[in-house]
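Following: one structure in structure tokens, then a few remarks.
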Amino acid sequence: MPKFMAVHTLKAPTTRDAIVPTVKSLKAYHTPDAYWVKSWLQLNEEGKITKIISEWDGRDAESVAKALKTSAPDLPVDGVYPMEEIHAESYR
């Protein structure tokens, strides 16, 4: 299944504890067309989350966008983009 990256710039910096309900909702929602794999959190100087970059497996970008809108309607979405992983270990 193709991989996608969803970028979320938060309206205000927040804590990890504050995003737990959103993360649980993302994990609970999955279909054959889209499911959340993992995320990276960009932190500010105070250690609060300012941006989230989420990895998804999905049929297409529209399926991922629909899953995000359904499972986490309050989470802002800057965009959903096709992605590919590259690992440094492959180039040693």
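The values are calculated or read from the model by the stated rules, or taken from the named source; none is laboratory data. Quick caveat: nothing in here was measured; it's all calculated off a predicted structure. FYI the Cβ positions are ideal-geometry reconstructions off the backbone, even for glycines, and counts take in every protein chain you see. For accessibility, only protein heavy atoms count, side chains too; no ligands or nucleic acids. Shrake-Rupley method; radii C 1.70, N 1.55, O 1.52, S 1.80 Å.
Scanning the range 14-34 for residues that are modelled with pLDDT of 95 or more and under 23 Å from residue 85 (Cβ atoms) turns up 33, 34.
Here's the yes/no breakdown for (1) open to solvent by 50 Å² or more (accessible area, probe 1.4 Å); (2) among the small types (Gly, Ala, Ser); (3) in contact with a helix residue (DSSP H, G or I) (Cβ under 9 Å, 6 or more places away or on another chain):
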position	(1), (2), (3)
36	no, no, yes
44	no, no, no
51	yes, no, no
77	yes, no, yes
86	yes, no, no
